[in-house]
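**Q** Can you read through this structure? Questions will come right after.
The values are calculated or read from the model by the stated rules, or taken from the named source; none is laboratory data. What you see is a predicted model; the values in this text were computed from it and never measured. FYI the Cβ positions are ideal-geometry reconstructions off the backbone, even for glycines, and counts take in every protein chain you see. With ligands, DNA and RNA removed, areas are computed over all heavy atoms of the protein, side chains included. Shrake-Rupley method; radii C 1.70, N 1.55, O 1.52, S 1.80 Å.
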Amino acid sequence: MNQENLLIIEKRGIRQESRMAIKTLDHRNTISISSGKETLSAQQSVAVAKCAELAALADQHTNGRGEGYHPTAIAPLVFVRQSNSSITIQEVSEPLFAIVVQGQKKVSLNEETFQYGIAQYLILSVDMPLSACMVEATPDQPYLGLKLKLDPGQLCEIIAQTKLGISQNESPVRGWCVSDAAPSLIDCVIRLTKLLDTPQDISFLAPLMIREIYYRLLTDQQGEVVRQIATAGSSMQRIADVIKQIKADFTKSLRVEELAEQANMSAASFHRHFKAVTSMSPLQYQKQLRLLTARQMMLAEAIDATQAAYRVGYESPSHFSREYSRMFGAPPIRDMERLRIS
């Protein structure tokens, strides 16, 4: 099964959260236009104004076309539209740049939760299981955002051409960050989005504009995280390679010592770096991947929990059911019933 497109949508409020207490990492500069509680800097004010223009473009291309993700004629670019704040999306997300242009979004990675809003963006540097909900979204004022898949090869080319440096510090690096978007970055995204109105220009101009977005990200305040994605031999890239291996063989038992050897790290160092990048241990990562895959299988293929358990690598259906209930708040049968209703 293709792991890139695992997507589960459920209603919040039905499910009881059974995981341990979540540490909230609210970004200190979250911008909330509706509340009027924040005093914006001049640059943030310009960024918010530009996001209003970008929100109008996103609305133009998604209004009347349903909720969720909206692929575009520019392959890496996807619009996101959601008008219901009680919806939670659970998926395995690939490396991406995602910007909020209307509303606010809350994202949870294992035990960590963070929230970001208008004119702020999220960078994910590796494939990660996550859940997301739009905390400001109504039919009249839907959540609107854009996401752009990141290409490590292109990032690597830009780093080589511009001679952008990378820190030699081998301290563990987080695999995600939230940051304020500079007006110059938002300008790039606006120009890329406007190409959808002139499809004849996309093949030539879109790659140039995407490269400019990459350049802006690489030189922004969180550029170190982005540079780590594409830098050969960096600790993050070594962890990213291991994650690809885990995803390819997620039904097999994990041997952490072998993964550490693949990453050219000691077992202790590997565990520390993996947890820093993904907010979870290798075993937790594999477990979430297995459970998300099993959930998708049961929903899409109408197979029972026992079949799903064996297909994703569990030897005991009862063990699978216990871990499934802990992650999703209900045993497989009840969870399938409510997902099909919603």
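For every residue, the table says whether it meets (1) open to solvent by less than 30 Å² (accessible area, probe 1.4 Å); (2) modelled with pLDDT of 90 or more.
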| residue | (1), (2) |
| --- | --- |
| C156 | no, no |
| T162 | no, no |
| I166 | no, no |
| E170 | no, no |
| V173 | yes, no |
| V178 | yes, yes |
| A182 | yes, yes |
| K194 | no, yes |
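**Q** Moving on to the next point. Which numbered condition trips up D241, out of (1) surrounded by fewer than 18 Cβ atoms within 10 Å (Cβ to Cβ); (2) in contact with an Asp or Glu (Cβ under 7 Å, 6 or more places away or on another chain); (3) under 23 Å from L164 (Cα atoms)?
**A** (2)
**Q** With the requirement that a residue be assigned to a loop (DSSP other than H, G, I, E, B) and in contact (Cβ under 8 Å) with a residue 24 or more places away in the chain, what does region 262-287 give you?
**A** Hits for region 262-287 are A263, N264, M265, S279, M280.
**Q** Could you check Q43 against (1) outside any loop (DSSP other than H, G, I, E, B); (2) open to solvent by less than 50 Å² (accessible area, probe 1.4 Å); (3) at pLDDT below 95; (4) under 17 Å from I186 (Cβ atoms) and say which number it fails?
**A** Evaluating Q43 over (1) outside any loop (DSSP other than H, G, I, E, B); (2) open to solvent by less than 50 Å² (accessible area, probe 1.4 Å); (3) at pLDDT below 95; (4) under 17 Å from I186 (Cβ atoms) leaves (2) as the failure.
**Q** Also, I was wondering about something else. Does Q288 count as within 22 Å of P95 (Cβ to Cβ) and open to solvent by 40 Å² or more (accessible area, probe 1.4 Å)?
**A** Spelling it out, it is not the case that Q288 is within 22 Å of P95 (Cβ to Cβ) and open to solvent by 40 Å² or more (accessible area, probe 1.4 Å).
**Q** While we're looking at this one, here's another question. Applying the selection to region 245-261, what residues are in a helix (DSSP H, G or I) and surrounded by 13 or more Cβ atoms within 10 Å (Cβ to Cβ)?
**A** Within region 245-261, Q245, I246, K247, V256, L259, A260, E261 qualify.
**Q** Looking at region 108-126 only, could you name the residues that are over 20 Å from Q284 (Cα atoms) and within 12 Å of the chain's Cα centre (by Cα)?
**A** Y121, L122, I123
**Q** Right, next: Consider L292 against the criteria (1) among the aliphatic types (A, V, I, L, M); (2) in contact with a strand residue (DSSP E or B) (Cβ under 7 Å, 6 or more places away or on another chain); (3) free of Cβ contacts under 8 Å to residues at least 12 places away in the same chain: it satisfies all of them except one. Which criterion is unmet?
**A** Failing condition for L292: (3).
**Q** I'd like to verify a number: residues in region 328-342 that are buried (at least 17 other Cβ atoms within 10 Å of the Cβ), part of a loop (DSSP other than H, G, I, E, B) and at pLDDT 90 or above, how many?
**A** The qualifying residues number 1.
**Q** Condition check: at pLDDT 95 or above, within 17 Å of the chain's Cα centre (by Cα) and outside any helix (DSSP H, G or I). Does V78 satisfy that?
**A** Yes.
**Q** Also, I was wondering about something else. Among (1) in contact (Cβ under 8 Å) with a residue 60 or more places away in the chain; (2) under 12 Å from C133 (Cα atoms); (3) touching an Asp or Glu at 6+ places or on another chain (Cβ under 7 Å), there is one condition G103 misses while meeting the rest; what is its number?
**A** In the conditions (1) in contact (Cβ under 8 Å) with a residue 60 or more places away in the chain; (2) under 12 Å from C133 (Cα atoms); (3) touching an Asp or Glu at 6+ places or on another chain (Cβ under 7 Å), G103 misses (1) alone.
**Q** For residues that are open to solvent by less than 10 Å² (accessible area, probe 1.4 Å) and not in a strand (DSSP E or B), scanning just region 104-125, find the one that is farthest from I190 (Cα to Cα).
**A** So the residue we want is S125.
**Q** Which of (1) without any contact (Cβ under 8 Å) to a residue 40 or more places away in the chain; (2) open to solvent by 60 Å² or more (accessible area, probe 1.4 Å) is the odd one out, the single condition D201 does not satisfy?
**A** (2)
**Q** Mind checking which residues of region 50-75 are open to solvent by 10 Å² or more (accessible area, probe 1.4 Å), in a loop (DSSP other than H, G, I, E, B) and out of contact with any His (no Cβ under 9 Å at 6 or more places or on another chain)?
**A** Residues satisfying the conditions are N63, G64, R65, G66, E67, A73, A75.
**Q** One residue is enough: does region 273-280 have a residue meeting the conditions of a type in the set (K, R), modelled with pLDDT of 90 or more and either open to solvent by less than 30 Å² (accessible area, probe 1.4 Å) or at negative phi (or both)?
**A** Looking for residues that are of a type in the set (K, R), modelled with pLDDT of 90 or more and either open to solvent by less than 30 Å² (accessible area, probe 1.4 Å) or at negative phi (or both), one finds at least one in region 273-280, hence yes.
**Q** Just the residues that are part of a helix (DSSP H, G or I), open to solvent by less than 40 Å² (accessible area, probe 1.4 Å) and touching a residue at least 40 places away in the same chain (Cβ under 8 Å), please, taken from region 297-327.
**A** Hits for region 297-327 are M297, S325, M327.
**Q** Also: Report yes if some residue within region 126-142 is modelled with pLDDT of 95 or more and in a strand (DSSP E or B); otherwise report no.
**A** Checking region 126-142: not a single residue is modelled with pLDDT of 95 or more and in a strand (DSSP E or B).
**Q** Also, quick follow-up: Do any residues in region 138-162 that are under 30 Å from A56 (Cβ atoms) have Cβ atoms under 7 Å from those of residues that are of a type in the set (D, E), where the two are at least six apart or on different chains, and which pairs are they?
**A** Y143/E136; L144/D59; K149/E94
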